[in-house]
Amino acid sequence: MNIEQTLKNLTTDEKIRLLTGDGAWHTYDCNGKIPKICMTDGPHGLRKVAVEKHGDIENSIPATCFPTACAAASSWNPEVTAAMATAIAQEAKKENVAIVLGPGTNIKRSPLCGRNFEYYSEDPLLAGKLASSFINSMQKEGVGTSLKHFAANSQETRRMTSNSEVDERALREIYLAAFETAVKEANPTTLMCSYNRINGEFASNNKHLLTEILRDDWGYNGAVVSDWGATNDVVKCFKSGLNLEMPDGSGFHTKELKKAYERGEITDAELDKWAGAVLKNFTELAERSDGATLTEVDFKAHNDLARRLEDECAVLLKNDGALPVSKDRDIIIIGELADNMRFQGGGSSHINATFKKNAIESLQDAGYTVIYTKGYSNDTDVTDTALAKEAIDTVLKNYQRNRTTILFFLGLTESYEGEGYDRTDINIPGNQTELLEAISGIVDQKDIAVVSFGGAPMDFSWEDKVSSILHMYLGGQAVGESVADLVSGVANPSGKLAETMPLEIKHTPAHRYFAAPHDDVEYRESIFVGYRYYETYNVPVRYPFGYGLSYTTFAYTDIKAPEVFEGNDIEVQVTVKNTGTVAGAETIQLYILPDKENFLRSAIELKGFKKVFLNPDEEKTVTIPLNARSFSVFDVDKNSFATIAGVYTIAAAASVRDIRLKTQIVVQGDKYFRDERDLFPDYFKPQPDGMDISREQFEALYGRPLTNFRNRRRGDFDLTCALGDVTRKSLFGRIFRLILNIAIGFMFPGKKKTDPSFKMLKMGLEEGNLEGLIANSGGMISKKLCDVLVLNANRHYLKALARFFAKKEA
Ligand code: BGC
């Protein structure tokens with residue numbers, strides 16, 4: 001397409017209209033003058049709605065549901081995300097979808113984020129590499145991607161108004177680093193900005209993020225698209241670097257843009273630049289993808305792929321011998337999660353799976369004699385005594401020591417985690433743990449294996465009651481078949497945790513400042529996210545980052561690295577041998593341990609990894625590259641990364657707490673001049689129960705005054721505020737909210753309050769900001785109405801009453 005020529009063909013109105021989408025999932029076609037493209041969710045499968053409607057997350061066409069990101073990350077294998085991306089791209093082409101909205105690569109700041117299942121890791125290197133391979137592979141098929149949600153979008157609570165206050169160093173080293181890797185290594189077609197504010201500015205109109213860092217520093221040349229309804233102050237958005245508003249904003253933002261153009265706030269040159277960017281990034285994609293459209297997809301083959309990939313993702317957390325289960329043993333399966341399996345999360349990524357075979361059927365197909373007892377219901381946390389009794393009776397009747405294996409299925413059920421809401425603790429339903437306790441009292445512990453599910457760290461304090469734990473995460477539609485593969489030993493578990501499983505929520509670094517009931521979210525733990533915190537402050541954990549067992553064992557025998565790092569890329573070699581009797585795969589993790597510093601630095605950081613498959617007795621030498629960035633920190637004073645000189649230990653490890661081999665390297669580089677030991681002494685003290693430094697200390701680190709949204713008073717409200725906050729301030733508002741809540745009830749007739757889509761919509765209304773609601777309600781909530789709500793919330797009734805009487809008297 002000749003962009004200049006096409007632009008000449010468009011009217012001013014068409015250029016303005018082109019900046020926002022058409023309906024929920026398309027770009028605008030300028031009255032038929034240019035092709036429109038379709039973009040749709042993502043990330044672990046295709047969610048294309050059957051009939052286009054705003055906010056409909058239920059009725060999508062059947063598609064393969066691959067392991068969700070939390071599971072995929074545990075494979076520690078970029079080929080896993082690459083393989084699923086190729087398959088999803090094929091399904092997208094069949095449906096004429098030009099862009100799949102994924103992958104998501106936000107950092108897991110807390111185990112409680114409701115959307116952790118859609119993200120990869122607490123470590124930016126791992127997250128960035130897996131996202132890059134997903135993007136490269138999908139784009140190779142001619143289908144575009146949307147790397148999301150940019151950035152520091154690590155909680156769902158108040159996701160549309162919250163302000164993530166992150167110091168620049170933590171932002172660049174932790175929260176942006178995975179995005180940076182993916183942008184530089186894979187150049188995603190689009191990048192989706194998040195709903196939240198970052199350091200005071202919404203992501204959608206944050207110039208520092210969208211232009212200074214993304215474009216000027218990283219050299220990104222694709223398009224920034226807003227998360228659905230994330231645009232606030234639309235003119236500012238485009239001036240800050242946004243390229244396309246999605247979805248169509250019900251015409252509201254088009255009007256705002258037009259008014260601004262008429263007032264002369266938008267020049268013709270700007271408009272041409274913005275419309276030109278849409279043409280370049282989206283319309284050209286339509287031309288390219290048209291020729292590539294597929295007509296047939298082998299869904300059976302994709303299901304088999306989903307199964308094979310999940311085989312690589314599941315993590316064997318404990319094994320005192322109950323797994324694998326030999327075929328001459330009988331199996332008693334306990335728990336509804338074996339029947340109605342949890343294999344994905346709720347929200348915009350919810351896939352209408354093509355095949356579903358549960359674990360009971362899959363284990364029977366694998367040749368086991370299986371007895372199933374439900375034991376508990378997935379719909380509640382409360383013990384159903386009849387179900388529990390039936391399970392206990394079944395065990396008492398059928399269990400034979402050493403000849404029966406109890407496979408107990410447990411984990412987080414649907415209502416626990418999903419888009420739009422966070423958890424409040426790491427507990428799993430009480431009805432499951434109570435039953436497990438009872439069962440462990442009547443059988444030999446060595447005959448019990450747990451198969452667990454969940455999209456985020458959860459409580460495993462019951463681990464000493466069982467012999468083995470196989471953690472499937474949310475493993476995609478073929479998870480049942482994968483359970484059979486792993487339980488039988490047809491596949492050997494090789495997943496390793498891409499996040500730490502803490503002992504208790506109070507040990508997690510961010511727990512004091514996570515999901516507060518107001519918009520200020522202070523990232524006081526700074527760079528000490530995940531294992532960086534546990535290792536630096538010696539905090540005990542349940543299962544460490546990088547941990548995972550196998551049915552075989554591996555020996556690390558040799559590490560080779562140059563003695564000096566002079567700035568050029570180097571290679572580290574590690575030799576690993578399979579010392580057991582079955583084939584298996586091991587992920588060799590390469591960490592650096594800087595010398596004791598006088599500035600803030602994690603005691604250990606992941607810098608590379610490589611997964612290898614080894615037959616018994618086989619030995620391989622793997623090569624893992626390191627570069628200047630491996631030894632760098634973000635120097636805030638210089639506004640760039642700097643390689644810090646010193647003596648570093650390079651460690652080859654089987655987990656962050658299982659270092660097998662070490663060598664030293666002298667790094668030539670810069671000196672770091674910020675002596676933080678004096679500036680922030682609290683950071684150097686033990687912090688066993690989450691990071692806690694004073695507000696003043698944090699402000700010093702943050703380098704500017706913190707915002708204070710939590711203390712909004714009358715007069716402070718505007719369209720950026722959450723509907724719930726605004727409406728609570730006036731009687732009219734409260735009545736309005738009540739009516740809305742009744743209306744939602746009608747929209748979801750017969751839905752349980754715990755249903756994830758119901759919960760998401762309800763939270764979205766309560767916590768969504770007014771501007772987003774105007775744009776996304778399809779005309780149901782008008783700007784005038786919201787202006788009245790804001791006016792009401794800002795009004796001082798007593799003063800207004802006094803004025804009224806004063807007027808009357810006069
Ligand atoms: C989610 C995105 C998703 C979009 C479209 C948003 O609410 O945050 O991840 O891609 O909706 O469904």
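The values are calculated or read from the model by the stated rules, or taken from the named source; none is laboratory data. It should be emphasised that the depicted structure is a prediction, and the values quoted were computed from it without experimental measurement. Neighbour counts are summed over all protein chains in view; Cβ atoms, including those assigned to glycine, are modelled from backbone coordinates with ideal geometry. To get the accessible areas, we keep the full protein, side chains included, count just its heavy atoms, and leave off ligands, DNA and RNA. Shrake-Rupley method; radii C 1.70, N 1.55, O 1.52, S 1.80 Å.
Could we say that Asn352 is touching a strand residue (DSSP E or B) at 6+ places or on another chain (Cβ under 6 Å), of a type outside the set (Ser, Thr, Tyr), within 16 Å of the ligand (Cβ to nearest atom) and touching a residue at least 40 places away in the same chain (Cβ under 8 Å) here?
yes
Against the conditions (1) under 26 Å from Gly321 (Cα atoms); (2) of a type in the set (A, V, I, L, M, F, W, C); (3) part of a helix (DSSP H, G or I); (4) open to solvent by 20 Å² or more (accessible area, probe 1.4 Å), where does Ile371 fall short? Just the number, please. That leaves (3) as the condition not met.
Taking the conditions exactly as written (modelled with pLDDT of 95 or more, open to solvent by 10 Å² or more (accessible area, probe 1.4 Å) and away from the ligand (no atom under 16 Å from the Cβ)), does Glu4 satisfy them or not? No; evaluated as a whole, the condition is false for this residue. Candidates Met192, Met160: the one that is open to solvent by 10 Å² or more (accessible area, probe 1.4 Å), under 17 Å from the mean Cα position of the chain (by Cα) and within 16 Å of the ligand (Cβ to nearest atom) is Met160. Within segment 406-419, being surrounded by 24 or more Cβ atoms within 10 Å (Cβ to Cβ) and either at positive phi or of a type outside the set (Ser, Thr, Tyr) (or both) holds for Ile406, Leu407, Phe408, Phe409, Leu410, Gly411, Leu412, Glu417, Gly418. Exactly one residue out of His44, His26 is surrounded by 19 or more Cβ atoms within 10 Å (Cβ to Cβ), closer than 21 Å to Lys140 by Cα and within 16 Å of the ligand (Cβ to nearest atom), and it is His44. Suppose we filter Ala386, Ala322 for residues that are open to solvent by 50 Å² or more (accessible area, probe 1.4 Å) and at pLDDT 95 or above; which single one remains? None of the others qualify; the one that does is Ala386.
Within segment 177-189, if we keep just the residues that are aliphatic (A, V, I, L, M) and touching a residue at least 40 places away in the same chain (Cβ under 8 Å), the residue that is farthest from the ligand (Cβ to nearest atom) turns out to be Ala177.
Within segment 200-246, being in a helix (DSSP H, G or I) and either within 16 Å of the ligand (Cβ to nearest atom) or of a type in the set (Ser, Thr, Tyr) (or both) holds for Ala203, Ser204, Thr211, Ser240.
Among the residues making up segment 645-675, those that are open to solvent by less than 30 Å² (accessible area, probe 1.4 Å) and farther than 30 Å from Thr552 by Cα are Gly646, Tyr648, Ile665, Val667, Tyr672. Each residue in segment 73-126 was checked for being away from the ligand (no atom under 16 Å from the Cβ), within 14 Å of Phe179 (Cβ to Cβ) and without any contact (Cβ under 8 Å) to a residue 60 or more places away in the chain, and 1 pass.
Per-residue answers, yes or no, for (1) over 25 Å from His44 (Cβ atoms); (2) away from the ligand (no atom under 16 Å from the Cβ):
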site	(1), (2)
Met341	no, yes
Gly346	no, no
Lys357	no, yes
Thr380	yes, yes
Leu387	yes, yes
Ser415	no, yes
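When Lys596 is tested against (1) in contact (Cβ under 8 Å) with a residue 60 or more places away in the chain; (2) among the charged types (D, E, K, R); (3) open to solvent by 30 Å² or more (accessible area, probe 1.4 Å), just one condition goes unmet, and that condition is (1). Scanning segment 337-348 for residues that are more than 12 Å from Glu417 (Cβ to Cβ) and in a loop (DSSP other than H, G, I, E, B) gives Asp339, Asn340, Met341, Phe343, Ser348. Counting only strands (runs of 3 or more DSSP E) that fall entirely inside segment 633-699 and contain at least 3 residues that are in contact (Cβ under 8 Å) with a residue 60 or more places away in the chain, the qualifying elements are 646-655, 658-667.
Matching residues to (1) assigned to a helix (DSSP H, G or I); (2) touching a helix residue (DSSP H, G or I) at 6+ places or on another chain (Cβ under 7 Å); (3) modelled with pLDDT of 95 or more:
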position: Leu593; (1), (2), (3): no, no, yes
position: Asn598; (1), (2), (3): no, yes, no
position: Arg601; (1), (2), (3): no, no, no
position: Asp617; (1), (2), (3): no, no, yes
position: Thr621; (1), (2), (3): no, no, yes
position: Arg629; (1), (2), (3): yes, no, yes
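Selection of strands (runs of 3 or more DSSP E) fully inside segment 502-561 by the criterion of at least 3 residues being surrounded by fewer than 21 Cβ atoms within 10 Å (Cβ to Cβ) returns 554-560. Remark: pairs (first residue in segment 519-539, over 16 Å from Lys506 (Cβ atoms); second residue in a strand (DSSP E or B) and acidic (Asp, Glu); Cβ separation under 8 Å; 6+ apart in sequence or on different chains) = Asp520/Glu165; Val521/Glu165; Glu522/Glu165; Tyr523/Glu165; Arg532/Glu605. Of the candidates Leu740, Leu773, Leu761, Leu765, the single residue that is hydrophobic (A, V, I, L, M, F, W, C) and either modelled with pLDDT of 90 or more or in contact with a Cys (Cβ under 8 Å, 6 or more places away or on another chain) (or both) is Leu773. Of the residues screened, Thr433 is one that is closer than 18 Å to Thr373 by Cβ and open to solvent by 10 Å² or more (accessible area, probe 1.4 Å).
Considering segment 719-760, the residues that are among the small types (Gly, Ala, Ser) and open to solvent by less than 70 Å² (accessible area, probe 1.4 Å) include one that is nearest to Val234 (Cα to Cα), namely Ala722.
Among the residues examined, Gly249 does not qualify as open to solvent by 10 Å² or more (accessible area, probe 1.4 Å) and either within 16 Å of the ligand (Cβ to nearest atom) or among the small types (Gly, Ala, Ser) (or both). Can you say whether Ile107 is in a helix (DSSP H, G or I) and crowded, with 24+ Cβ neighbours inside 10 Å, as far as the supplied structure shows? Here the answer is no, as Ile107 does not meet what is asked.
Out of Val49, Val80, one residue alone is open to solvent by less than 50 Å² (accessible area, probe 1.4 Å), at pLDDT below 95 and farther than 19 Å from Glu287 by Cα. It is Val49. Restricting to segment 110-153, what's the tally of residues that are in contact with a Lys or Arg (Cβ under 8 Å, 6 or more places away or on another chain), assigned to a helix (DSSP H, G or I) and under 24 Å from Leu210 (Cβ atoms)? Within segment 110-153, residues that are in contact with a Lys or Arg (Cβ under 8 Å, 6 or more places away or on another chain), assigned to a helix (DSSP H, G or I) and under 24 Å from Leu210 (Cβ atoms) number 1.
The strands (runs of 3 or more DSSP E) found entirely in segment 397-501 that carry 3 or more residues being out of contact with any Asp or Glu (no Cβ under 9 Å at 6 or more places or on another chain) are 404-411, 448-453.
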